[in-house]
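Remarks on the structure that follows.
The values are calculated or read from the model by the stated rules, or taken from the named source; none is laboratory data. These numbers were taken from a predicted model, which means no experiment stands behind them. So basically every Cβ, Gly included, is an ideal-geometry build from the backbone, and we count neighbours across all protein chains shown. What goes into the accessible areas is simple: the full protein's heavy atoms, side chains included, and nothing from ligands, DNA or RNA. Shrake-Rupley method; radii C 1.70, N 1.55, O 1.52, S 1.80 Å.
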Amino acid sequence: LALAEKGYVEFQSFECLDWACRNRFGTFLRLSDADAMLVQNSERLEQLLQEYLRQQPNNPDMGTILGTVYVRRKQHENASKVLSKVVSVAGSRMPEAAYYNAICLQQLGNTPEAKTSADIAAEVFASRIATQPFSLRLLADLCRCYLISEEEARAIREIDEQSLRCTVVEREQLKFLTGDVLAAWSRRLRNSADRRPEDFLRSLELLSQGLAVAPMHPRLL
């Protein structure tokens, strides 16, 4: 790693810079959430990525990596600024960028743009799920997109469909994911600015439905 960074400084080798960025990012991804939030643990990585993007501002890979660093630090505004640019340049070719951008925009209270970004990611994730072996992580990401887009029923249908493809152990994990979706759906209905009495009743029904599937789910409880 030190040689790669030295190679870039001394010879302006973009291959060295690229390798150094990806190597440091791999180490960063292995950090716990608490350690990833500490700026000093990714400060050098950020510097290298910014140097890369200074020279190739529209590089979608490095933009996504930098955005991911900001996401894990919970610097949502910085992350969205970088990831929005990636999505505008690469669109559905970088669904992970759209996915993380949707999460950041939702945290920032920009619901319309969050839904747009979530829809971009969801389209690609749904295609992957249909053509690749079962992946709980991918299904969870797709469901997160549907939650941002307020399409919770679609998330539940997807979980039900995927339950036919997975193992018995994975099916138990899907119960927890179902609980996540139903808890978020119930919370959205309860917190809606234009909530009607029937929405509140529906939110309670969703909690009951979730507890029937995952009785020990902490969010439902």
Name the residue, out of Leu105, Leu83, that is among the aliphatic types (A, V, I, L, M), in contact with a Phe, Trp or Tyr (Cβ under 6 Å, 6 or more places away or on another chain) and within 23 Å of Ser127 (Cβ to Cβ). Leu83
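Regarding Leu108, is this residue farther than 30 Å from Val86 by Cβ and open to solvent by 60 Å² or more (accessible area, probe 1.4 Å)? Walk me through it before giving the result.
Details: farther than 30 Å from Val86 by Cβ: no; open to solvent by 60 Å² or more (accessible area, probe 1.4 Å): yes.
In short, no.
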Enumerate the pairs (first residue in segment 73-94 and within 15 Å of Phe28 (Cβ to Cβ) and open to solvent by less than 20 Å² (accessible area, probe 1.4 Å); second residue anywhere and part of a helix (DSSP H, G or I) and not hydroxyl-bearing (Ser, Thr, Tyr)) with beta-carbon separation below 6 Å, excluding pairs fewer than 6 apart on the same chain, so at least 6 apart or on different chains. Ala79/Gly67; Ala79/Val71; Ala79/Cys104
Flagged pairs (Cβ under 6 angstrom, 6 or more apart or on separate chains; first in segment 148-170, at positive phi; second at pLDDT below 95 and open to solvent by 10 Å² or more (accessible area, probe 1.4 Å)) are none
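Considering only residues that are open to solvent by 50 Å² or more (accessible area, probe 1.4 Å), touching a Phe, Trp or Tyr at 6+ places or on another chain (Cβ under 9 Å) and either at pLDDT 95 or above or not in a helix (DSSP H, G or I) (or both), which ones fall in segment 171-201? Lay out the reasoning, then the answer.
Of all residues in segment 171-201, those open to solvent by 50 Å² or more (accessible area, probe 1.4 Å) come to 171-173, 175-176, 187-188, 190-191, 193-198, 200-201.
Now narrow it down to the ones that are touching a Phe, Trp or Tyr at 6+ places or on another chain (Cβ under 9 Å): 190.
If the condition is that a residue be open to solvent by 50 Å² or more (accessible area, probe 1.4 Å), touching a Phe, Trp or Tyr at 6+ places or on another chain (Cβ under 9 Å) and either at pLDDT 95 or above or not in a helix (DSSP H, G or I) (or both), then no residue fits.
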Candidate set from segment 57-72 (those that are in contact (Cβ under 8 Å) with a residue 24 or more places away in the chain and of a type in the set (S, T, N, Q)); member that is most open to solvent (accessible area, probe 1.4 Å): Asn58
